[in-house]
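Down below is the structure, laid out as structure tokens.
Every read-out reported here was derived from the displayed coordinates using simple, explicitly stated rules and does not represent laboratory data. All figures in this text were calculated on a predicted structure; none of them were measured in a lab. All Cβ positions, glycine included, derive from the backbone under ideal geometry; neighbour counts span all protein chains shown.
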Amino acid sequence: MSQSYDPAAVESAAQSYWQEQATFSVQEDDTREKFYCLSMFPYPSGHLHMGHVRNYTLGDVISRFKRKRGFNVLQPMGWDAFGLPAENAAIQNKVPPADWTYANIDHMRQQLQGLGLAYDWQRELATCKPDYYRWEQWLFTQMIERGLAYRKTAVVNWDPVDQTVLANEQVVDGRGWRSGALVERREIEQWFIRITDYADELLDGLEQLPGWPDAVKTMQRNWIGRSVGVEVQFTVDAAEQPLTVFTTRPDTLMGVTYLAVAPEHPLVDQAMAQGDEALREFVQSCRSSTVSEAVIEAQEKAGHALGIDAIHPITGERVPVWVANFVLMSYGTGAVMSVPAHDQRDWEFARAYGLPIKPVIDPDHGESDLDAGAITDKGTLIDSGPYTGLTSAAAFERIADALEKDGKGRRRINFRLRDWGVSRQRYWGCPIPVIREADGSLTPVPAEDLPVVLPEDLAPDGSGSPLKGHAPFTDVISPKTGQPAQRETDTFDTFFESSWYYARFCCPGLDTAMLDERANHWLPVDQYIGGVEHATMHLIYSRFFHKVMRDVGLVDSDEPFKRYLPQGMVLAECFYRESADGKKTYFAPDEVEIERDDKGRVIRAVATADGAAVSVGALEKMSKSKRNGVDPQSAIQQAGADAVRLFMMFAAPPDQTLVWSDAGLEGASRFLGRYWRLVQAVVEGQAPGQGQVAADEARRKLHETIGKVTDDMDRRQSFNTAIAAMMELTNLLYKVDARGEGAAVLREAALALTQMLNPFAPHITHVCWQMLGEPTPIEDAAWPECDERLLVADSVTLSVQVNGKMRARIDAPADADEAQLQSIALADENVARFVDGKPLRRFIVVPGKLVNIVV
């Protein structure tokens, strides 16, 4: 037999061929159905992690399969290259972020190519390149013209470590999503995008996405949060404008006992002007704290009376106005009506400050206990004047009618979604294309002057954006007035770049427009793959951008992604020692010597440095902090890229968590070696193993496998079961009698198995296909077809029971009737022994499975 399987040599040969032949370059072709497969592009941090490997292998498996099914497949790759990590690394290393970014891109590109991913590298893009961000600058100026972009002073989330504003979606448990620092509340002038203008369409469009997981669509529905309610106006003492609140429960309006406003509300400034020092201290403490909705909801409710009353719009009663730490200026009107009898948060606040609690809804005939908490269910109105006795639903309509008639309210639909704040006070980002005139007015940069190029040679020092005060960038002659003016120094939120990259991949080389007709050829993306953590940020922003690009006339479709697959996380064991004070010191896997039992359980773990024991922690997401990450490059060097890919697809379904296992990687490597030897045996005309299986049985099993793998790959996207089926087939092929017809069946099976395995292990199958002497490159060869005629068995094997106990197994014609089955069963020697001449009472047949003889 020829040489043994050498992954490094095999993978080098295959990758050289793909590069020389430009195998995966793609052009528009109206004669074939298109298929656009896209995995979320990476941030160029410098090194791939196993989450990257899983994400990109998934996309590559789908792309290669679709190519074999006759589709014209587009699978591109690029770099989400702006952002804080590059800037923070530049500060630490005292170099421009551009140097760090481009070096990382070069390294990660080599890593991706080493995985054998079938990308059209001619379409590669980096969002930090002017030829890319020029067009998002142009689209932003279009948004300004359409009233979708505006600038205002607003209370924002401020990350004190990253020194920038964060969108609400970027605050996780009160902390910055990248830095982990506690977020503060600040008032800053910044740019906003009216994503709320598209709230209805973003919500309703989810119904047109059957290829998205229900869980992801539910997350988006909750984030957009459409609420049907009533906007109510309370007249306020010494205020020119009424205090407006929005409520989804106008049926509780008669139970309002106080109003609460945000610390930034104008009424608060008015009250502080009266010199209440306690009020001033409370407000200052609120204004310096987080604006995260989740944290505010969980924190202890606190407030301070403003000494101002509002007038109830129906009863005319005076209602005190309080400032409260749970009201956000950025949500609604910055004011809420408080009904402590029927809202738990209001109840807690009222109990803390001794405010009245007035029940006006009876859901259960007086059985609810207000001492235990608020009564939140709907029911019948009580103590509500002319509305007493109405149901909550009827009262909603009657009270809304009365408010509208008196000009004190109106029906309204509100959304939890808020306009997208896109300004960032950092350097390494796309410049916002606006000029501030000498009189303070704002002028969008004309299209002919775009792009506004970010200087790449600046090295930030952490004291703020180096764009501020950098005259070559900031000082400009206004195209509108011809007078000296200043450029905007804020840059875009990096989600701005990632919201439309999928479309730009369709139009490589275009320098006269953002997109051209090629975008409509490829869009929408047929299969999108990436982490579910982006469900309420990137995916919503991308859907919004797509609709804006449609309305500007750039695309015809309504949605960017037809089908979305959120891949599961990659988990691994943690190893650590815990000191007396509870501090844990973590060890990397290669710093630990592990002994396992026959079931893979750890029975001994010691540090290789000192031989002392270490503890084995829970399975957790691979991370730097836990030091439990596995370097993809070392895994590839150990077992080869094909084995890494195969293990990633075999270890778990794509949407579930995957537990990294060195033993599992070794198992994938052993299977590939077994497959290699099978192909070599076929090429050399030898039997791969002991010939026990007949040719017709092997051929039937082959076509059963083709049918199953095809369905698993296409409809079910169950890649682990597809691999399991191929492993089962391989084991059977080692038992095929290679004489006569067996040799032809083995070759047929080796060719089909190579084709089916190719999306998962493209290098070894590329070389094995050549070894089998096929003239067409495997990348262009068609997927094997299942011959369903072979799946109809001539005979079946049935279990035979006597009085319910298993006594024999028999072979019978597949079309045998009951009389034939009875004759064959009774002829079996063991069955006859247990029947032993006894009268036959019943003969029960379960088709294709068993017969039961009752005597």
- Message: I'd like the FRET efficiency for I594 and Q344, computed as 1/(1 + (r/R0)^6) with the beta carbon distance as r and R0 of 56 Å, rounded to 0.05.
- Response: 0.65
- Could you list, in their original order, any pairs among K66/K562; K152/K547; K34/K562; K129/K152; K805/K849; K34/K68 whose Cα atoms are separated by more than 22 Å? K152/K547; K129/K152
- Item | Farthest positive-ward along region 795-854 dipole, Cα basis, beta-carbon charges - from G848, F834, P813 | F834
- Note on the structure: Note, region 136-150: 3J(HN,Hα) by Karplus (6.51, -1.76, 1.60, θ = phi - 60°), whole Hz, Gly/Pro = x, goes 6, 4, 4, 5, 5, 5, 5, 5, 4, 4, 8, x, 8, 10, 8
- Find which of A580, T608, Q633 sits farthest along the positive direction of the dipole of region 570-634, computed with +1 on the beta-carbon of Lys and Arg, -1 on that of Asp and Glu, about the Cα centre. A580
- Mind pulling up the Rg/Rh value for region 1-102? Radius of gyration and Kirkwood radius, both on Cα. 1.09
- Hey, any idea what the orientation-averaged projected area of the convex hull of region 194-264's Cα atoms comes to, in nm²? 7.6 nm²
- Task: Take the alpha carbon atoms of region 431-510, find their center, do the same for region 86-111, and report the distance between the two centers in whole angstrom.
- Result: 22 Å
- Item | Charged-residue dipole, Cβ positions (Lys, Arg, Asp, Glu), region 1-139 about Cα centre, Debye nearest 20 | 340 debye
- Task: Can you bin region 382-446 into rounded, prolate or oblate? Criterion: square roots of the alpha carbon gyration tensor eigenvalues sorted a ≥ b ≥ c, rounded for a/c under 1.5, prolate for a/b above b/c, oblate for the rest.
- Result: prolate
- Item | Value of [θ]222 nm, deg cm²/dmol, for the chain, DSSP H segments ≥ 4, -39500 (n - 2.57) each, nearest 500 | -10500 deg cm²/dmol
- Task: Search the structure for amide H atoms under 5 Å from the amide H of A808, placed 1.01 Å from N in the peptide plane, and list their residues when 5 or more places away or on another chain.
- Result: V800
- Item | Net lengthening on full extension, H365/D197 (0.36 nm per residue, minus Cα-Cα) | 56.2 nm
- Determine, from the Cβ-Cβ distance of S634 and A372 and an R0 of 56 Å, the FRET efficiency 1/(1 + (r/R0)^6), rounded to the nearest 0.05. 0.45
- Kirkwood Rh and Cα Rg combined as Rg over Rh, evaluated for region 28-170: 1.04
- Query: Evaluated at 25 °C with a viscosity of 0.890 mPa s, what Stokes-Einstein diffusion coefficient in µm²/s does region 570-634 have when Rh comes from the Kirkwood expression over alpha-carbon pairs?
  - Reply: 199 µm²/s
- Report, for the chain, the % of DSSP beta bridges that are antiparallel, rounded to 5. 80 percent
- Query: How big is the C-alpha Rg of region 795-854 next to the rule-of-thumb value 2.2 N^0.38 Å, as a ratio?
  - Reply: 0.98
- Task: Note down the nm distance, to one decimal, between modelled labels 7 Å out along Cα→Cβ at V453 and at T218.
- Result: 5.1 nm
- Message: Can you list residues from other chains, or at least 5 along the same chain, whose modelled amide H is less than 5 Å from the amide H of T23?
- Response: none
- Using 0.36 nm per residue of separation minus the Cα-Cα distance, give me the extension gain between A744 and D29 in nm, one decimal. 253.7 nm
- Crossing angle, helix 97-114 versus the chain [Cα axis fit, 0-90 degrees, rounded to tens]: 20 degrees
- For the chain the mean separation of alpha carbon contacts under 8 Å (6+ apart) over residue count, i.e. relative contact order in percent, is 13 percent
- Query: Long-range amide H contacts for A126: which residues qualify at under 5 Å (H placed 1.01 Å from N, peptide plane, sequence gap of 5 or more or a different chain)?
  - Reply: W79
- Note on the structure: Taking alpha-carbon centroids only, region 548-613 lies from region 642-660 a number of Å equal to 13 Å
- Would you mind checking the tilt of helix 84-93 against the longest principal axis of the Cα atoms of the chain, expressed as 0 to 90 degrees and rounded to 10? 90 degrees
- Using the Cα gyration tensor of region 713-757, the equivalent ellipsoid's semi-axes, largest first and to the nearest Å, work out to 24, 11, 6
- Query: So how far, in whole Å, is the C-alpha centre of region 745-798 from the one of region 800-855?
  - Reply: 39 Å
- Note, region 203-217: 3J(HN,Hα) by Karplus (6.51, -1.76, 1.60, θ = phi - 60°), whole Hz, Gly/Pro = x, goes 6, 5, x, 4, 5, 9, 10, x, x, 9, x, 4, 5, 5, 5
- Kirkwood Rh in Å, taken over all unlike Cα pairs in the chain: 32.2 Å
- Query: Got a sec to turn the phi values of region 7-14 into Karplus ³J(HN,Hα) couplings, 6.51 cos²θ - 1.76 cosθ + 1.60 with θ = phi - 60°, whole Hz, x for Gly and Pro?
  - Reply: x, 4, 5, 5, 5, 5, 5, 5
- Query: What is the local net charge at R175, summed over the other residues whose Cβ is closer than 12 Å to its Cβ (Lys, Arg +1; Asp, Glu -1)?
  - Reply: -3
- Message: Placing unit charges on C-beta atoms (Lys and Arg positive, Asp and Glu negative, everything else neutral), compute the dipole magnitude of the chain about its Cα centre in debye, rounded to 20.
- Response: 1540 debye
- Item | Restricting region 293-389 to GluC sites (Glu not before Pro) in coil, as DSSP defines it, with at most 10 other Cβ within 10 Å | E300, E367
- Does region 478-540 classify as rounded, prolate or oblate by the C-alpha gyration tensor (a ≥ b ≥ c root eigenvalues; a/c under 1.5 gives rounded; else a/b over b/c gives prolate, otherwise oblate)? oblate
- Determine which lysines satisfy two conditions relative to K735: a Cα distance under 19 Å, and not lying fewer than 8 residues away in the same chain. K701
- Note on the structure: Residues other than G407 with Cβ under 14 Å of its Cβ, Lys/Arg counted +1 and Asp/Glu -1, net out at 0
- Task: Give me the compactness ratio for region 226-415, meaning the Cα radius of gyration over 2.2 N^0.38 Å.
- Result: 1.01
